[in-house]
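The values are calculated or read from the model by the stated rules, or taken from the named source; none is laboratory data. Owing to the predicted nature of the structure, the values given are computational and were not obtained by experimental measurement. Every residue, glycine as well, gets a Cβ built from its backbone with ideal geometry; the counts of neighbours run over all protein chains shown. These accessible areas exclude ligands, DNA and RNA; they are computed on the full protein's heavy atoms, side chains included. Shrake-Rupley method; radii C 1.70, N 1.55, O 1.52, S 1.80 Å.
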Amino acid sequence: MKKIAQTDAIFENVFRENQTADENPNSLRLSIDTKAKAKVKIGNLSRGGKARGLEAKIADHHDTEWQSLLVPFGILNTNNDQLSIYFGQSAETSDFIVDCLSDWWEQHQADYGDMNEWVIDLDGGSAARSDRTQFIKRMVELAQHTQLRIRLIYYPPYHSQYNPIERCWATLENYWNGAILDSVETALQWAANMR
């Protein structure tokens with residue numbers, strides 16, 4: 001596994017900041033990530049695996065043609081393991097990420113009346129890097145709009161698998177393994193029913 005000189009120090013900071021957030025009753029810790037590298041191809045495509053049913057499903061053997069691509073973005077509330085998945089139909093962008101966070105807050109704000117801070121675990125992906133001007137600009141605007149203090153906690157390079165949201169992607173892949181995601185609606189229904 002690749003490691004940079006600062007990896008251990010970064011992990012110490014991640015642990016310390018997350019522990020501080022978890023101990024603060026006014027802080028909400030979220031873990032976020034997109035699955036931009038594993039976009040979901042929509043079409044009559046074989047996804048591998050086995051599907052149970054009375055009738056065998058027939059899928060195309062090669063994924064050379066598909067109708068559309070979905071980019072999954074996940075928000076995991078580490079306090080209660082509540083997962084929210086958003087799907088975009090374009091590329092992973094800073095605006096997409098912040099729009100999803102904004103929508104998530106609009107939907108869940110009433111549940112967190114005492115919260116005044118978000119601590120967000122994330123990796124340094126291309127759309128959410130700390131030196132990405134558009135991402136930081138949009139996050140500042142989000143903080144101003146929500147009146148929340150937002151702290152970004154980055155995992156070390158090459159170690160994003162330790163971000164808690166990562167285990168959710170494997171669960172989703174296993175859940176719809178064998179399913180034919182022949183429409184956006186089908187993919188959304190499968191994701192919505194995941195436990």
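Pairs are defined by a Cβ separation below 6 Å, a sequence spacing of at least 6 or placement on different chains, a first member in the range 24-49 that is closer than 30 Å to Gln147 by Cβ and modelled with pLDDT of 70 or more, and a second member that is assigned to a helix (DSSP H, G or I) and of a type outside the set (Asp, Glu); the pairs so defined are Ser27/Ala21; Leu28/Tyr112; Arg29/Ala21.
Checked against (1) in contact with a helix residue (DSSP H, G or I) (Cβ under 9 Å, 6 or more places away or on another chain); (2) more than 30 Å from Ile4 (Cα to Cα); (3) at pLDDT 95 or above, Ala143 passes all but condition (1). With respect to Asn163, determine if the residue is more than 30 Å from Asp8 (Cα to Cα) and either surrounded by 17 or more Cβ atoms within 10 Å (Cβ to Cβ) or over 15 Å from the mean Cα position of the chain (by Cα) (or both). No.
Let's see how each residue does on (1) on the phi < 0 side of the Ramachandran plot; (2) open to solvent by 80 Å² or more (accessible area, probe 1.4 Å); (3) β-branched (Val, Ile, Thr):
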site	(1), (2), (3)
Thr78	yes, no, yes
Asp81	no, yes, no
Ser84	yes, no, no
Glu92	yes, no, no
Ile97	yes, no, yes
Gly113	yes, no, no
Asp121	yes, no, no
Thr146	yes, no, yes
Pro156	yes, no, no
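Screening Arg132, Arg138 for residues that are among the basic types (Lys, Arg) and modelled with pLDDT of 95 or more leaves exactly one candidate, Arg138. Is one or more of the residues making up the range 53-72 farther than 26 Å from Tyr162 by Cα and at pLDDT 85 or above? No, every residue in the range 53-72 fails to be farther than 26 Å from Tyr162 by Cα and at pLDDT 85 or above. Selection of first residues in the range 79-92 that are within 24 Å of Glu23 (Cβ to Cβ) and of second residues that are among the basic types (Lys, Arg), restricted to Cβ pairs under 9 Å at least 6 apart or on distinct chains, gives the following pairs, ordered by first then second residue: Asn79/Arg29.
The single condition from (1) out of contact with any strand residue (DSSP E or B) (no Cβ under 9 Å at 6 or more places or on another chain); (2) outside any helix (DSSP H, G or I); (3) not basic (Lys, Arg) that Asp182 fails is (1).
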